[in-house]
Amino acid sequence: EGLGGIDVHVANDGPSPLRARLRVALYQEFQHLIDEAVLDVELEAHGGLTRNVEELLGRFVDVSWAYRFGPPAQDLIAVTLETPGGELLSQAFRFPAGRPLTRESASDLGLDAVIEPSAAGPRLHVTSRRFAYGVRATVPGYTAADDAFGVAPGGERRVALRAVGAATPVDAAATLRALNLSGAVAVRVDADRGGSLRVG
């Protein structure tokens, strides 16, 4: 919004009212949390709302780095919408000083991934200590329900895996890549929590 900072737009596209929790988090060096705000929202069917980030924080932080009084105080803004029970509904990221360009090792990022069984079929569980940008999974015989997603610092993402053609067991050849990751991460397969890692 130019000198007005950054606005968060929340839309309920569904036919039923939505109760959710909106969290805005500011990070330095794509890792260190420096400020956050949480707002409980209630939207009617097909309703929407707009909130200014600095209004939510309750203070001026030059969140969009528009005034440029000095180096940006934050290089990552994560906006998360989740159910009251903590289920992720939507997430968006903003980079006031530009996207992360430096590729880091998996250990430096703290990036880890495991395929877990669930009643609805296997799903990918990704965690990262630092921000992971543009994450993509390659799982032979499967396609991920989300692609090129971000993982907030200290956060996690769970992504459903859908079989391509006939159902096949998930094997250990799955890999994870990200735009700011050097190389690839081998995805572990967790078959110890019950159920077969197979859909169909």
Of the residues that sit in the range 1-38 and are touching a helix residue (DSSP H, G or I) at 6+ places or on another chain (Cβ under 6 Å) and among the aliphatic types (A, V, I, L, M), which one is surrounded by the most Cβ atoms within 10 Å (Cβ to Cβ)? Val24
Looking for something under 14 Å from the mean Cα position of the chain (by Cα) and assigned to a loop (DSSP other than H, G, I, E, B) - is there at least one such residue anywhere in the range 71-80? no
Sort out which residues of the range 100-118 are in contact (Cβ under 8 Å) with a residue 40 or more places away in the chain and either polar (S, T, N, Q) or surrounded by fewer than 17 Cβ atoms within 10 Å (Cβ to Cβ) (or both), and write them in order of number. Leu101, Thr102, Arg103, Ser105, Val114, Ser118
Of all residues in the range 119-177 being hydroxyl-bearing (Ser, Thr, Tyr), modelled with pLDDT of 95 or more and crowded, with 18+ Cβ neighbours inside 10 Å, which is nearest to Val187 (Cα to Cα)? Ser128
Tabulated pairs, the range 60-71, first in contact (Cβ under 8 Å) with a residue 40 or more places away in the chain, second open to solvent by 30 Å² or more (accessible area, probe 1.4 Å), C-beta under 6 angstrom, 6+ apart or interchain: Ala66/Leu3
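The values are calculated or read from the model by the stated rules, or taken from the named source; none is laboratory data. Please read these numbers as outputs of a predicted model, since none were measured by experiment. Counting neighbours? That spans all protein chains shown, and the Cβs are built from the backbone with ideal geometry, glycine included. Surface areas here come from the heavy atoms of the whole protein model, side chains and all, with no ligands, DNA or RNA. Shrake-Rupley method; radii C 1.70, N 1.55, O 1.52, S 1.80 Å.
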